[in-house]
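Structure record follows, encoded as structure tokens.
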Amino acid sequence: MIRGSVTLILVLTCVVCSFSQEEKERNWTLNGYVKNLQSVYKIDGFDSYLIDNLVHNRLNFKWYTNDHLTVRVEMRNRLFYGDLVKLSPGFGDQIEEANNDVLDLSFHWQESEGSVINSTLDRVYLEYVKNNWEIRLGRQRINWGISTVWNPNDVFNAFSFTDFDYEERPGSDALRVKHYTGVASSIEVAVNAAETWDERVAAMLFKWNAFQYDFQLLSGVANNEFVLGAGWAGNVGNAGLKGEMSYFTPLEGDDPSSFAFTIGADYSFSNSLYTGIGYLYNSNGVTRGSLADLFSFQLSAKNLYPFRHALFANASYPITPLINGVLAIIYSPVSSKPLFINPTLTWSIAQNWDLDIVGQLAFNDTGERYTSPITATFIRLKVSF
């Protein structure tokens, strides 16, 4: 079954490639990629390494019905198999919960003890653009974040920095209306589909430019809480400077209000070395937690990292014209001193072919020693078409 599924994905890829050769004569486009991700985990408590595999095909379809209306449909087809799938009896249910917003646009082709084949529509929307108006209806990404690592303004579909294999990021079933009031200013209103007020998000975003900086303000209701946020992006000399903040206060009950704030700077040197630093304050974060919180916290715009404070640093450098190296580090100054290290090596092996080697190491202080209870290595081969 697994071999047949891989063959089907490859056939779909070949069909798409043949279509793309004629796309100049069509009013629609079809493209995507195929990735194979090999994961190797070393976890305390297991005598041997755990090995997982993910074959991931993505298809992106756009239909330009006329000068103003576009139909966009994007699908993920994924085959999971390996040790972690075997050790997670509810693995298929976890995928369903993570993939769907209100509409159920995900289904399993096959599910067994050691493998799951899943297809998900994570972008399905109509887009109408005319003059200074832009309207989208359907499953879409509403990207209100500005900062590189953490986005307290991303109240519709927050994402985790550690999820490196989902470049497109999550979407929401929503209606979004945007009006451009100037060259660098706009007003945007969005509301998601929801079954309860605890899941409802309805907000307004205002953007403008002043003093060579881009600013934004947002206000609305998110998960039965009033939210007020702001963000900015600009430069100090030759360095980039970005920041975001959001304040959440419950509309009902006695739960405390929340505040999330992040700021970051980046700089590119003349030798192509790129560096960045950042800081996150999360009032919901713990100060005496352990490394286990990194893998179990509830991700949202008001809770982007499990600890009260987090410091970020990264560096990127092209070792050769075809090989690029990246190192990212996140450290939290709390009792267990959790440290996340993320090295990445990318090799452009041919046109539209990329090979990535990614490491994720997590350390913390157990009181007796500073150790890494989990280490993960990923090898990813990707071909785009």
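Working carefully through the options A260, A230, find the one that is over 20 Å from F161 (Cβ atoms) and either aliphatic (A, V, I, L, M) or part of a strand (DSSP E or B) (or both).
That would be A230, the only listed residue that is over 20 Å from F161 (Cβ atoms) and either aliphatic (A, V, I, L, M) or part of a strand (DSSP E or B) (or both).
Among the numbered criteria (1) without any contact (Cβ under 8 Å) to a residue 60 or more places away in the chain; (2) among the aromatic types (F, W, Y); (3) crowded, with 19+ Cβ neighbours inside 10 Å, which single criterion is violated by W150?
(1)
In the set N284, N314, N324, N364, which member is under 22 Å from the mean Cα position of the chain (by Cα), of a type in the set (S, T, N, Q), modelled with pLDDT under 95 and surrounded by 17 or more Cβ atoms within 10 Å (Cβ to Cβ)?
Numbers: N314 fails: modelled with pLDDT under 95; N324 fails: modelled with pLDDT under 95; N364 fails: under 22 Å from the mean Cα position of the chain (by Cα).
So the residue among N284, N314, N324, N364 that is under 22 Å from the mean Cα position of the chain (by Cα), of a type in the set (S, T, N, Q), modelled with pLDDT under 95 and surrounded by 17 or more Cβ atoms within 10 Å (Cβ to Cβ) is N284.
Taking N143 as the residue in question, decide whether it is modelled with pLDDT under 95 and either surrounded by 16 or more Cβ atoms within 10 Å (Cβ to Cβ) or aromatic (F, W, Y) (or both). Before you say what the answer is, go through the steps one by one.
Working: modelled with pLDDT under 95: yes; either surrounded by 16 or more Cβ atoms within 10 Å (Cβ to Cβ) or aromatic (F, W, Y) (or both): no.
No.
Quick one: which residue in S272, S336 is in a loop (DSSP other than H, G, I, E, B), farther than 21 Å from I146 by Cα and modelled with pLDDT of 95 or more?
Numbers: S336 fails: modelled with pLDDT of 95 or more.
S272 is the lone residue from the list that is in a loop (DSSP other than H, G, I, E, B), farther than 21 Å from I146 by Cα and modelled with pLDDT of 95 or more.
Against the conditions (1) crowded, with 16+ Cβ neighbours inside 10 Å; (2) modelled with pLDDT of 95 or more, where does V129 fall short? Just the number, please.
With respect to (1) crowded, with 16+ Cβ neighbours inside 10 Å; (2) modelled with pLDDT of 95 or more, V129 is out only on (1).
Among (1) over 20 Å from the mean Cα position of the chain (by Cα); (2) modelled with pLDDT of 95 or more, which single condition is L121 missing?
(1)
Checking the condition more than 12 Å from the chain's Cα centre (by Cα) and free of Cβ contacts under 8 Å to residues at least 40 places away in the same chain, which residue from E134, E111, E127 passes?
E111
Pairs please, first residue from segment 347-361 and loosely packed, with under 14 Cβ neighbours inside 10 Å, second anywhere and basic (K, R) and modelled with pLDDT under 95, Cβ atoms under 9 Å, 6+ apart in sequence or on different chains.
As it stands, the answer is none, since no pair meets every condition given.
K35 - would you say it is assigned to a strand (DSSP E or B), under 22 Å from the mean Cα position of the chain (by Cα), closer than 25 Å to D356 by Cα and not polar (S, T, N, Q)?
yes
At least 1 residues that are farther than 25 Å from E225 by Cα and among the aliphatic types (A, V, I, L, M) in each: list the strands (runs of 3 or more DSSP E) lying fully within segment 77-167 that qualify.
115-130, 133-140
Considering only segment 209-263, state which residues are modelled with pLDDT of 95 or more, closer than 19 Å to L304 by Cα, polar (S, T, N, Q) and within 22 Å of the chain's Cα centre (by Cα).
The answer is S246, T262.
The values are calculated or read from the model by the stated rules, or taken from the named source; none is laboratory data. Only a predicted model underlies this, so the values are computations on that prediction, with no experimental measurement involved. A quick note on method: Cβ atoms are made from the backbone with ideal geometry, for glycine too, and the neighbour counts reach across all protein chains shown.
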